[in-house]
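Here is the structure we will look at.
Read the figures in this text as sums done on the coordinates, not as results from a lab. Computed from a predicted structure; not experimentally measured. In this analysis, Cβ positions are derived from the backbone assuming ideal geometry, glycine residues included, and neighbour counts consider all displayed protein chains.
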Amino acid sequence: MYDVIIVGKGPAGMSAALYTVRSNLRTLIIGKNGGSLSKADKIDNYFGFAETISGKELLYDGEMQVKRLGAEILEDEVISIEKEDFFKVLTSTDMYLCKAVLLATGQQHKVIRIENLVKFEGRGVSYCSTCDGFFYNNLKVGVLGHRDYAIHEALELTAFTTDITIYTNGNQLDISDRYVNESGRFRVDARKISKLDGNEFLERIHFADGTSDNVDGLFVAYESASSIDFARKLGIITDGNTVVTDSNQRTNLDGVFAAGDCSSKFRQISVAVGQGAVAGKAISEYVKGL
Ligand SMILES: Cc1cc2nc3c(=O)[nH]c(=O)nc-3n(C[C@H](O)[C@H](O)[C@H](O)COP(=O)(O)OP(=O)(O)OC[C@H]3O[C@@H](n4cnc5c(N)ncnc54)[C@H](O)[C@@H]3O)c2cc1C
């Protein structure tokens, strides 16, 4: 059991870890490569560097620093976070338990260009199987995605219906060993989607090849799960693409904190590092108070 699991190994997550490890919390950072900072070529507005530094260099040094201080860093993708007595964090390869969670996955970059996707949000299009699966009892549903996250969502939906198709929208399935067998339980449809259609509610998916499928619901689980996806499932308040926190980076759910681009509208390294520090301190106080 970890005291805290930090989801995301960017400046927000690693800055938080500096504070949690130094107050003796058993800290695990789980992160994929490829956050915003790794794309920043030249950084000139972050304090303390006489010469320009690249995002990759800053990340590398940050990672070495938190490791030296005692945080564990695991390169993996978090698929789901569930609240039981403690928090259960599910990755592409394993499952971990912890007392507190920090959401620090950066900005959600997913842009899905499908006509009418937004129009049917809440009226057939859902972003949360845990929240809305119940409404599709024994109905025909699709899951939009092609990675572990999509398979995980489809598995959650099996509690409500067996008629589930994974729509990859022209992508090849890209699934880790853990989910390969599970993916065989579902129909996989690789046709490119052109638009969604219906009257008041979603009724049909149209494909670029001119064909169409009737569906009652479409669950969007595109690419990787982000802090916004985790927040929605946990019942945490969000505002557009931002997880809502108080001034101590606490969300409305006890034990869950958020920091960095996922919880800020001013998306900068200094802000991410500052919010990470505030979150790290608040998490230490929270865990010690349990
Ligand atoms: C091209 C570019 C240039 C920029 N230049 C500057 C600049 O000059 N100065 C400046 O101050 N800011 C700059 N920024 C903004 C800055 O990079 C961000 O504000 C900062 O990196 C935010 O830190 P973060 O930790 O919140 O998120 P990120 O740095 O995005 O880190 C998030 C981490 O979470 C991981 N992750 C995401 N989903 C999952 C999941 N499901 N499971 C596990 N891990 C996950 C990501 O892979 C990544 O490791 C730039 C951004 C870009 C894109």
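Give the span of the stretch 125-220's Cα atoms along each principal axis, as three whole-Å numbers ordered largest to smallest.
39, 30, 18
Multiply the residue gap between residue 64 and residue 203 by 0.36 nm, knock off their C-alpha separation, and tell me the result in nm, one decimal place.
On the way: separation 139, 0.36 × 139 = 50.04 nm, distance 5.15 nm.
Net length gain for the segment: 44.9 nm.
Run down the lysines and flag those whose C-alpha is under 25 Å from the C-alpha of residue 67, throwing out any fewer than 8 positions away in its chain.
In chain and number order, the partners are 9, 32, 39, 42, 56, 88, 99, 281, 288.
Out of the chymotrypsin sites (Phe, Trp or Tyr not before Pro) in the stretch 18-120, which ones are loop residues according to DSSP with at most 14 other C-beta atoms within 10 Å? Present the calculation step by step, with values, prior to reporting the outcome.
Values: sites: 19, 46, 47, 49, 60, 86, 87, 96, 120; in loops: 46, 47, 49, 86, 120.
Qualifying residues, ordered by number: 47, 49.
State the extension gain, in nm to one decimal, for the chain segment bounded by residue 83 and residue 181, taking 0.36 nm per residue of separation less the distance between their alpha-carbons. All intermediate terms of the calculation are to be shown ahead of the outcome.
Values: separation 98, 0.36 × 98 = 35.28 nm, distance 2.58 nm.
Gain on stretching residue 83 to residue 181: 32.7 nm.
Report the gain in length on full extension from residue 24 to residue 134: 0.36 nm times residue separation, minus Cα-Cα distance, nm rounded to one decimal. Could the numbers behind the result be given before it?
Details: separation 110, 0.36 × 110 = 39.60 nm, distance 4.16 nm.
Roughly 35.4 nm would be gained on extension.
If you take the C-alpha gyration tensor of the stretch 106-167, multiply each eigenvalue by 5 and take the square root, what semi-axes do you get, largest first, in whole Å?
Details: eigenvalues 77, 41, 24 Å².
Each semi-axis is the square root of five times an eigenvalue, giving 20, 14, 11 Å.
Give the residue list of trypsin sites (Lys or Arg not before Pro) in the stretch 203-259 that are DSSP loop and have at most 16 other beta-carbon atoms within 10 angstrom.
Details: sites: 204, 232, 233, 250; in loops: none.
Hits after loop and neighbour filter: nothing returned.
Classify the stretch 1-145 from the C-alpha gyration tensor, please: rounded if a/c falls under 1.5, else prolate or oblate depending on whether a/b exceeds b/c.
Here the stretch 1-145 falls in the oblate category.
Give me the compactness ratio for the stretch 190-277, meaning the Cα radius of gyration over 2.2 N^0.38 Å. Mind dumping the intermediate values first?
Numbers: Rg = 18.2 Å, N = 88, 2.2 N^0.38 = 12.1 Å.
Cα Rg divided by the expected 2.2 N^0.38 Å: 1.51.
Cα convex hull of the chain: mean projected area in nm², to one decimal? Could the numbers behind the result be given before it?
Working: hull surface 62.2 nm².
Computed as one quarter of the Cα hull surface, the answer is 15.5 nm².
Most mobile of 93, 20, 245 per a Gaussian network model of the chain (Cα springs, under 10 Å)?
Of 93, 20, 245, the most mobile in the Gaussian network model is 93.
For the stretch 125-220, what is the relative contact order in percent, using Cα pairs closer than 8 Å and at least 6 residues apart in sequence? Don't jump to the answer; show the numbers that get you there.
On the way: 185 pairs, mean separation 31.7, N = 96.
Relative contact order for the stretch 125-220 comes out at 33 percent.
When only DSSP loop residues count, what trypsin sites (Lys or Arg not before Pro) in the stretch 72-121 have their Cβ near at most 16 other Cβ atoms within 10 Å? It would help to have the intermediate numbers written out before the result.
Numbers: sites: 83, 88, 99, 110, 113, 119; in loops: 110, 113, 119.
Qualifying residues, ordered by number: 110, 113, 119.
Looking only at GluC sites (Glu not before Pro) in DSSP loops with at most 11 other Cβ atoms within 10 Å, what is the longest site-free stretch of the chain? The partial results should precede the final answer.
On the way: sites that count: 51, 84, 200.
After excluding every exposed loop site, the longest remaining stretch is 85-199.
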